[in-house]
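In what follows, a single structure is set out as C-alpha cells and then discussed.
The values are calculated or read from the model by the stated rules, or taken from the named source; none is laboratory data. Every value quoted in this text rests on a predicted model; they were computed, and no experiment measured them. Neighbour counts are summed over all protein chains in view; Cβ atoms, including those assigned to glycine, are modelled from backbone coordinates with ideal geometry. Side chains included, ligands, DNA and RNA excluded: accessible areas come from the protein's heavy atoms. Shrake-Rupley method; radii C 1.70, N 1.55, O 1.52, S 1.80 Å.
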Amino acid sequence: MSFEVNHIYDDRFIIESNIGTRAMYADLVVAGEGIRSDVELRKAAIAAAAFNVGTPLLLMPKAGRVTLRPKSVLLAWNSRPQAASAVKAAIGMLKDADTVRLIVVDPDASYFENGGEPGADMATFLSRHDANVLVEQIASGQGPTEDVIRQHALELGCDMIVMGAYGHSRLRECIFGGVTASILEKCDVPVFMVR
C-alpha cells in the first residue's frame with residue numbers, strides 16, 4: 001500500500017483552497033483535535049473536503065485509539081443521499097467489521113421518509129457486500145439526535161461512527177445547529193463522514 005501524509009501551515013484566507021486542492025488527490029482527509037477545536041479551521045477543512053471536493057473525512061477524537069479497520073461500527077442512517085454516500089465510501093470498512101449497527105433515530109415509516117421497515121433496505125444492501133448488519137430503531141426521547149448517536153456508540157463500545165454530512169443546508173445548520181455540526185464539534189468516537 002502506498003500513501004502520503006500532507007501537513008499544511010498556511011494563511012487562513014487561502015487554507016480552504018489549499019485543503020481542497022490536496023483533498024482532490026486523497027482518499028481521506030483526517031481532522032485531528034487541532035482542527036476540530038478551532039471553529040474557523042474546522043469550517044475551512046469541512047468546506048474544502050466535504051463540499052468542494054467530496055472526499056471522506058475521518059474526525060479523530062481527543063483521546064483513544066483510531067483504526068481504519070474497525071471491528072464494531074455504528075452506522076447512523078437516515079435514508080438520505082448523504083448517508084448512502086457515506087456507506088458506499090466506507091464499504092470496505094463495513095464489510096470487514098465484525099458488527100455494523102445500523103441505527104435509525106426516531107424512524108418515520110412513511111414511504112417518503114425511512115420506508116415501511118426503516119433501515120431494512122440499507123441492511124440488505126450491506127448484506128450483499130457480506131457485512132454483518134444489525135438494524136436498531138431508537139427513540140430519542142425528545143433528546144437531540146446527535147446525543148443519541150454519540151451515547152449509543154459509547155455504550156456499544158464502537159470503534160467508529162459512519163454517517164452522512166449535512167443533510168440540511170450549511171446555512172440552516174449554522175443558524176439552527178444540527179447533527180453534523182454537533183458531531184464535528186465534539187465526539188469521543190472516531191467519525192467517518194461523507195457528504
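Considering (1) under 20 Å from Val191 (Cα atoms); (2) out of contact with any Asp or Glu (no Cβ under 8 Å at 6 or more places or on another chain); (3) at pLDDT 85 or above; (4) exposed (fewer than 14 other Cβ atoms within 10 Å of the Cβ), the lone condition that Val39 does not fulfil carries the number (3). Condition first: at pLDDT below 95, of a type in the set (S, T, N, Q) and touching a strand residue (DSSP E or B) at 6+ places or on another chain (Cβ under 9 Å). Now tell me which residues in region 96-136 satisfy that. Across region 96-136, the qualifying residue is only Asn114.
Among the residues of region 1-36, those that are open to solvent by 40 Å² or more (accessible area, probe 1.4 Å), aliphatic (A, V, I, L, M) and at pLDDT 85 or above comprise Ile14, Met24, Leu28, Val30. When Val100 is tested against the conditions (1) open to solvent by less than 20 Å² (accessible area, probe 1.4 Å); (2) closer than 30 Å to Asp11 by Cα, the lone failure is (2). In region 122-151, the residue that is farthest from Gly178 (Cα to Cα) out of those that are in contact with an Asp or Glu (Cβ under 8 Å, 6 or more places away or on another chain) and among the polar types (S, T, N, Q) is Asn132. Across region 1-58, what is the total count of residues that are among the charged types (D, E, K, R) and part of a loop (DSSP other than H, G, I, E, B)? Total meeting the criteria: 6.
Of the numbered criteria (1) in a helix (DSSP H, G or I); (2) loosely packed, with under 15 Cβ neighbours inside 10 Å; (3) in contact (Cβ under 8 Å) with a residue 40 or more places away in the chain, the one Lys62 fails is (1). Looking across region 162-176, the residues that are out of contact with any Lys or Arg (no Cβ under 6 Å at 6 or more places or on another chain), at pLDDT below 90 and either closer than 28 Å to Ser72 by Cβ or charged (D, E, K, R) (or both) come down to Arg170, Arg172, Glu173. A count restricted to region 93-138 and to residues that are more than 18 Å from the chain's Cα centre (by Cα) and in a helix (DSSP H, G or I) stands at 6. Residue pairs whose Cβ atoms lie under 9 Å apart, sitting 6 or more positions apart in sequence or on different chains, and linking a residue in region 23-39 that is over 19 Å from Gly64 (Cα atoms) and free of Cβ contacts under 8 Å to residues at least 40 places away in the same chain to a partner that is of a type in the set (A, V, I, L, M, F, W, C) and exposed (fewer than 13 other Cβ atoms within 10 Å of the Cβ), are Asp27/Phe3. Among the criteria (1) touching a helix residue (DSSP H, G or I) at 6+ places or on another chain (Cβ under 8 Å); (2) surrounded by fewer than 22 Cβ atoms within 10 Å (Cβ to Cβ), the one Thr67 does not fulfil is (1). Just checking, does region 145-156 include any residue being crowded, with 16+ Cβ neighbours inside 10 Å, closer than 21 Å to Pro56 by Cα, at pLDDT 95 or above and over 12 Å from the mean Cα position of the chain (by Cα)? There is at least one residue in region 145-156 that is crowded, with 16+ Cβ neighbours inside 10 Å, closer than 21 Å to Pro56 by Cα, at pLDDT 95 or above and over 12 Å from the mean Cα position of the chain (by Cα).
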